[in-house]
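K.L.:
Dropping the structure in here first, questions after.
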């Protein structure tokens, strides 16, 4: 509902596409979390083998670039498929309205009755919405689609890559900037704090428990770091690498 619409209250989330915006924000937080964990696991794994900053930096940069491209490609393919499916559904609904408008009107009224409206009210609502914009009414009620806001695969790809890169920079800096003896503990601490923050933010967006979400991410991230560092240490000590 637009801010100036009757019944809208200042400060309430009636702006259009609020759910879509929250989904984008949540996806950004999760993308940053992926960048933090995957790059941190890579650099501490290499640091378990060698304390030389050059191979650590090379591995970290490769993980950032590869991960960002992978995230962008995955989002592009996924959202492109979503957009194609959405466009196909819009065309199907458009043809149905052209071929059988009365049946579509009855279907729309039935959908409103299933939501709890009486027969008379449902029929009136269906007729008024059909008169205003039949296609939009059917897409919204039947399919929860807004034809004016199709999914944008390029936007999704850029956002995913940017979020991943933003998260990945933290562990890369944490492993490279401190002196050699402090690299691993500083990286562990920075990553676990960052995961706690992203978990709290993600839970705040979704309305779930902040402490549970943060704890889950911290434990999972800590296990990932410990596993890769342990593997690197064992391989380095064994002389395999």
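The values are calculated or read from the model by the stated rules, or taken from the named source; none is laboratory data. Values in this document were obtained by computation on a predicted structure and should not be read as measured data. Positions of Cβ are generated from backbone atoms using ideal geometry, with glycine treated the same way; all protein chains shown enter the neighbour counts.
K.L.:
Against the condition more than 30 Å from residue 62 (Cα to Cα) and either in contact (Cβ under 8 Å) with a residue 40 or more places away in the chain or part of a helix (DSSP H, G or I) (or both), how does residue 134 come out, does it pass?
P.N.:
Here the answer is yes, as residue 134 does meet what is asked.
K.L.:
Of the residues 172, 195, which is surrounded by 15 or more Cβ atoms within 10 Å (Cβ to Cβ), within 15 Å of residue 56 (Cβ to Cβ), touching a helix residue (DSSP H, G or I) at 6+ places or on another chain (Cβ under 6 Å) and in contact (Cβ under 8 Å) with a residue 12 or more places away in the chain?
P.N.:
Matching residue, one of 172, 195: 172.
K.L.:
Moving on. Taking interchain pairs and intrachain pairs at least six residues apart, which have beta carbon atoms under 8 angstrom, with the first residue in region 67-85 and farther than 18 Å from residue 162 by Cβ and the second at pLDDT below 90 and part of a helix (DSSP H, G or I)?
P.N.:
80/153; 83/153
K.L.:
Across region 63-99, what is the total count of residues that are touching a helix residue (DSSP H, G or I) at 6+ places or on another chain (Cβ under 6 Å) and within 18 Å of residue 35 (Cβ to Cβ)?
P.N.:
Of the residues in that region, 8 qualify.
K.L.:
While we're here: Does residue 8 satisfy the condition of being surrounded by fewer than 20 Cβ atoms within 10 Å (Cβ to Cβ), modelled with pLDDT under 85 and within 18 Å of the chain's Cα centre (by Cα)?
P.N.:
Considered against the rule, which asks whether it is surrounded by fewer than 20 Cβ atoms within 10 Å (Cβ to Cβ), modelled with pLDDT under 85 and within 18 Å of the chain's Cα centre (by Cα), residue 8 comes out as no.
K.L.:
I would also like to ask the following. Taking residue 182 and the conditions (1) farther than 20 Å from residue 31 by Cα; (2) crowded, with 20+ Cβ neighbours inside 10 Å, which numbered condition does it fall short on, given that it satisfies the others?
P.N.:
The number of the failed condition is (2).
K.L.:
Within region 196-241, take every residue that is part of a loop (DSSP other than H, G, I, E, B) and under 19 Å from the mean Cα position of the chain (by Cα) and give me the one that is modelled with the lowest pLDDT.
P.N.:
Ranking the qualifying residues of region 196-241, first place goes to 207.
K.L.:
Please enumerate the residues belonging to region 11-47 that are modelled with pLDDT under 90 and either over 21 Å from the mean Cα position of the chain (by Cα) or not in a helix (DSSP H, G or I) (or both).
P.N.:
Hits for region 11-47 are 11, 12, 13, 14, 15, 16, 17.
K.L.:
Name every residue in region 175-195 that is farther than 21 Å from residue 230 by Cβ and outside any helix (DSSP H, G or I), in order of residue number.
P.N.:
Answer for region 175-195, where residues must be farther than 21 Å from residue 230 by Cβ and outside any helix (DSSP H, G or I): 177, 179.
K.L.:
Filter region 108-122 down to residues that are surrounded by 11 or more Cβ atoms within 10 Å (Cβ to Cβ) and either more than 20 Å from residue 144 (Cα to Cα) or without any contact (Cβ under 8 Å) to a residue 12 or more places away in the chain (or both), then give me how many there are.
P.N.:
4
K.L.:
Another question about this same structure. Within region 86-105, count every residue that is exposed (fewer than 13 other Cβ atoms within 10 Å of the Cβ) and part of a helix (DSSP H, G or I).
P.N.:
Qualifying residue count for the region: 9.
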